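The values are calculated or read from the model by the stated rules, or taken from the named source; none is laboratory data. Remember, it's a predicted structure, so these values are computed and weren't measured experimentally. Neighbour counts run over all protein chains shown; Cβ positions are idealised from the backbone, glycine included.
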Amino acid sequence: MTHVPEVILPVLDEAEALPWVLGRMPAGYVPLVVDNGSRDGSAAIAARLGARVVHEPRRGFGAACHAGLLAARDDVVALMDCDGSLDPRELPRLAAPVLDGRARLTLGRRLPEAGAWPLHARLANRLLAHELGRRTGVELRDLGPMRVAGRTDLLALELLDRRFGYPLEMVLRAARAHWPIVELPVAYRARSGRSKVTGTVRGTARAVRDMAGVLA
């Protein structure tokens, strides 16, 4: 694979973070914003800043990610949260193992700054990563929300979850298909605006429930 990734950004009310995220996109990396029903003008802001925008009316993190995967035009894609917690400038380093054939999937292992990753969310993530390793033999420290893979490879996994289980299902199916998976450290910042998932115990519990359903 030789092309730099198209970057899929699932968005639900991220007007505050979008200018920072899109402004730090590396040269050649094409942002693809998937608006999942924002009410704060996120789609218009993204379009004004030069991103390609598609709309996914079906609510759900996995639904937005998968809509982006279907709409992407490049043979390599990156997926990352668009809340300002992850820096797009980390993408070239994360993409390198996929582009040079060392990996079929790379994951960003989060190195959080103070207060960026609540303890309850960190513990839940660690538990799920441990359970995935126990079932597949693939040792990971994080189910990172920044990742890079081949578009057709991901489509071939035939992912079914359309909620918060989507990221775990991707890694689980990739591991069971014996993909080479590489984990690289990435900085993790305090997000912009109100967190809809890991910032609250309820949001984390919802994500864990969806992911547990995938494991089941």
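Regarding R163, is this residue surrounded by 15 or more Cβ atoms within 10 Å (Cβ to Cβ) and not in a helix (DSSP H, G or I)?
Numbers: surrounded by 15 or more Cβ atoms within 10 Å (Cβ to Cβ): yes; not in a helix (DSSP H, G or I): yes.
Judged against the criteria, R163 is a match.
Within the range 92-126, the set of residues being assigned to a loop (DSSP other than H, G, I, E, B) and either among the aliphatic types (A, V, I, L, M) or modelled with pLDDT of 95 or more (or both) comprises D100, G101, R102, A103, R104, A114, A116.
Against the numbered list (1) among the hydrophobic types (A, V, I, L, M, F, W, C); (2) buried (at least 20 other Cβ atoms within 10 Å of the Cβ); (3) at pLDDT 95 or above, A129 comes up short only at (3). The residue that is nearest to H55 (Cα to Cα), counting only those in the range 67-91 that are part of a loop (DSSP other than H, G, I, E, B) and hydrophobic (A, V, I, L, M, F, W, C), is A72.
Test L107 against the stated conditions and say whether it is of a type in the set (A, V, I, L, M) and loosely packed, with under 15 Cβ neighbours inside 10 Å. Explain how you work it out, then say what you get.
Details: of a type in the set (A, V, I, L, M): yes; loosely packed, with under 15 Cβ neighbours inside 10 Å: no.
Criteria not met by L107.
Scanning the range 9-26 for residues that are surrounded by fewer than 18 Cβ atoms within 10 Å (Cβ to Cβ) and either closer than 13 Å to D81 by Cα or at pLDDT below 95 (or both) gives a single hit, W20.
Within the range 153-171, residues that are without any contact (Cβ under 8 Å) to a residue 24 or more places away in the chain reach partners that are basic (K, R) with beta carbons closer than 6 Å, at six or more positions or on different chains, in the pairs L157/R173.
Restricting E158, E183 to those that are part of a strand (DSSP E or B) and at pLDDT 95 or above reduces the list to E183. Taking residues in the range 58-77 that are of a type in the set (V, I, T), and partners anywhere that are outside any helix (DSSP H, G or I), the pairs with Cβ atoms closer than 6 Å and at least 6 places apart or on different chains are V76/M1; V76/H3; V76/P5; V76/G150; V77/P5; V77/E6; V77/I8.
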